[in-house]
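The values are calculated or read from the model by the stated rules, or taken from the named source; none is laboratory data. Small disclaimer: the values here were computed from a predicted structure and weren't measured. Note that each Cβ is placed from the backbone with ideal geometry, even for glycine, and that neighbours are counted across all protein chains shown.
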Amino acid sequence: MKAKERIKRYGLKKYIEVCLHKEPTPELIRKYQGKYGKDIPIERPVRYYQSRWNAVFEEEVTGEQVKLKNLWSKAHREPDDERDIDEIERQGQNKLGGSNWHLVEARYRGKRYIYHEEKERKPERKPERKPERKPERKKKEVIPAEQIAEIAKGLKMAGLSAEEIGRAIKEILK
């Protein structure tokens with residue numbers, strides 16, 4: 001493995017420590033940045049994993065089969081075949097135009113690693129939420145018991161049965 005590839009994979013500081021057996025000083029860092037370019041990572045970059053698949057899809061209704069080659073999964077930090085197969089199925093459905101296409105067979109074709117230098121992130125502050133104002137409920141009118149009793153007597157005099165009087169009072173109290 002060439003020095004530039006090692007630096008890209010492990011970072012300049014680790015390369016100086018492990019391969020050159022020296023202490024990474026600012027002078028050495030500047031020297032190797034001049035030699036290999038300013039774009040080389042100084043700290044260890046984050047490694048992302050991507051996998052490539054060939055897949056066979058079948059349509060539910062007609063049974064037609066289509067083979068798609070070189071479908072790449074999204075870049076993730078950790079390899080996981082089940083997650084990648086789910087992503088490949090979604091990607092194939094998007095290409096073929098619908099969720100009626102289902103994955104029949106998927107063959108693993110290889111992988112690649114992508115290295116990105118991750119800068120120190122400041123913890124994101126979530127905007128403070130203002131407490132939501134709940135709409136005020138309208139207070140129900142309280143009907144005194146004497147008034148309800150008078151209404152019940154009036155309904156009884158009108159000739160209504162006990163059930164009908166009960167329903168009428170319920171309606172009034174709503």
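Conditions tested, residue by residue: (1) modelled with pLDDT under 85; (2) in contact with a helix residue (DSSP H, G or I) (Cβ under 6 Å, 6 or more places away or on another chain); (3) among the polar types (S, T, N, Q).
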site	(1), (2), (3)
Glu87	no, no, no
Leu103	no, yes, no
Tyr113	yes, no, no
Arg121	yes, no, no
Leu160	no, no, no
Lys170	no, no, no
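Among the residues of segment 66-81, is there at least one that is in a strand (DSSP E or B) and within 30 Å of Leu12 (Cα to Cα)? Scanning segment 66-81, I find at least one residue that is in a strand (DSSP E or B) and within 30 Å of Leu12 (Cα to Cα), so the answer is yes. Scan segment 1-49 for residues that are of a type in the set (A, V, I, L, M, F, W, C) and surrounded by 15 or more Cβ atoms within 10 Å (Cβ to Cβ) and jot them down. Within segment 1-49, Ile7, Leu12, Ile16, Leu28, Ile29, Ile40, Ile42 qualify. For segment 61-71, the criterion of a residue being modelled with pLDDT of 90 or more, within 17 Å of Asp86 (Cα to Cα) and surrounded by 14 or more Cβ atoms within 10 Å (Cβ to Cβ) is satisfied by at least one position. With respect to the conditions (1) within 26 Å of the chain's Cα centre (by Cα); (2) modelled with pLDDT under 85, Glu136 falls short on a single one, namely (1).
Scanning segment 41-69 for residues that are more than 25 Å from the chain's Cα centre (by Cα) and among the polar types (S, T, N, Q) yields Asn54, Thr62, Gln65. Listed by first and then second residue, the pairs with beta-carbon distance under 8 Å, at least 6 apart or on different chains, first residue in segment 60-72 and free of Cβ contacts under 8 Å to residues at least 40 places away in the same chain, second part of a loop (DSSP other than H, G, I, E, B), are Val61/Asn100.
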